[in-house]
Amino acid sequence: MLDDAERASLAETERQLARSDPHLAALLRDGHARRRRVVSVVAWVVWGVASLLVVGLLFLGLGWQALLVATLAGLLLARRRWWLPRRGRP
């Protein structure tokens, strides 16, 4: 944890960086948003493929395999929130 003086020094360094190279500052600031969008799209794709697979397995009468796929997809999607960068923290 940073004390107040270190936090103020870091904030001043960030402001100087933003003034000297706005493109780099925007790239660093928006990098988390881009990653968040990519992870969200991947999560929707995983959900869609898993849903189709579960329905297909149930149609074929393979209930325990469908349950296994649904469980694995659920665990993967539950972990999604840990992949995302947290706001306000590095």
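Ordering Phe59, Ala26, Trp47 by Cα displacement along the dipole of the range 4-83 toward the positive end leaves Phe59 in first place; charges were set at the Cβ atoms of Lys, Arg (+1) and Asp, Glu (-1). Averaged over residues, the count of other Cβ atoms within 10 Å places the peptides 66-72, 19-25 in the sequence 66-72, 19-25, highest first.
Taking the radius of gyration and the Kirkwood hydrodynamic radius from Cα positions alone, what is the Rg/Rh ratio for the range 4-83, to two decimal places?
Rounded to two decimals, Rg over Rh is 1.35.
Every number in this text was worked out from the coordinates using simple rules, so none of it is lab data. Keep in mind it's a predicted model, so treat the numbers as computed, not measured. As a convention, Cβ positions derive from the backbone with ideal geometry for all residues, glycine included, and neighbour counts pool all protein chains shown.
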